[in-house]
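Encoded as structure tokens, the structure appears first; notes follow it.
What follows draws every value from the coordinates through simple rules; no lab data is involved. Source: prediction; values computed, not measured. Here Cβ is always computed from backbone atoms with ideal geometry, including for glycine, and neighbour counts include all displayed protein chains.
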Amino acid sequence: RTFRDLSKPIGALEPSRAARFRERFESFDDCGTGAKPFHYGSHYSSAGIVLYYLMRLEPFTTEAIRLQGGRFDVADRLFDSVGDTFASCLENMSDVKELVPEFFHCPDFLRNGNRLNLGVMQSGVALGDAKLPRWARDADEFV
């Protein structure tokens, strides 16, 4: 199964959102700064995004902790659900995270195999393995 259309960037998957990004680009006013027009106000791939997805695997665990000053970020901002993350990338104009290669070959990044204490979300749910779409029985089937 394919979770997303890989022929388009993440910002162009949902037509109305793509139109809003196009409008942003076409109506850009640099206010005399010389800045160039842009579609996305944040990067679609960065070290932070890689760490967001791969925090359950070393050496990314250590780097994610280092990035946050010696601890994991608050649980509500950590990668918890494939579906919720994908939905955010379809709806939120500031969220254009692309998939990392591990989505296609490494199911371990979805498992909390090292039993890391990733914290508890405001809902009271402790983070563990990433939540998968209903059609996937487990991380192996998802990948």
### Summary
Listed residues Phe38, Phe103, Phe79; largest mean-square fluctuation, Gaussian network over the chain with Cα springs below 10 Å, found at Phe38
### Task
Between Val96, Val82, Val125, find the one with the highest GNM mean-square fluctuation for the chain; connect C-alpha pairs within less than 10 Å.
Val125
### Task
Output the relative contact order of the stretch 42-142, whole-number percent, from Cα pairs under 8 angstrom with separation of 6+ residues.
31 percent
### Task
Under 30 Å Cα to Cα from Lys36, which lysines show up? Leave out anything in the same chain fewer than 8 places away.
Lys8, Lys97
### Query
So which DSSP H runs in the chain come out at 15 Å plus along the axis (Cα) with average Kyte-Doolittle of at least 0.5?
none
## Note on the structure
Comparing Glu14, Glu26, Glu98 in a Gaussian network model of the chain (Cα, 10 Å), the one with the largest mean-square fluctuation is Glu26
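For the stretch 1-42, what is the relative contact order in percent, using Cα pairs closer than 8 Å and at least 6 residues apart in sequence?
After rounding, I find 29 percent.
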### Task
State the label only: which of (1) 1.01; (2) 1.40; (3) 1.11 corresponds to Rg/Rh (Cα atoms, Kirkwood Rh) computed from the shown model?
(1)
### Message
If neighbour count is taken as other Cβ atoms inside 10 Å, put Arg137, Arg66, Arg111, Arg17 in order from fewest to most.
### Response
Arg137, Arg66, Arg111, Arg17
### Query
When the helix-only estimate is applied to the chain (DSSP H runs of n ≥ 4, each -39,500 (n - 2.57), divided by the residue count), what is the mean residue ellipticity at 222 nm, nearest 500 deg cm²/dmol?
-8000 deg cm²/dmol
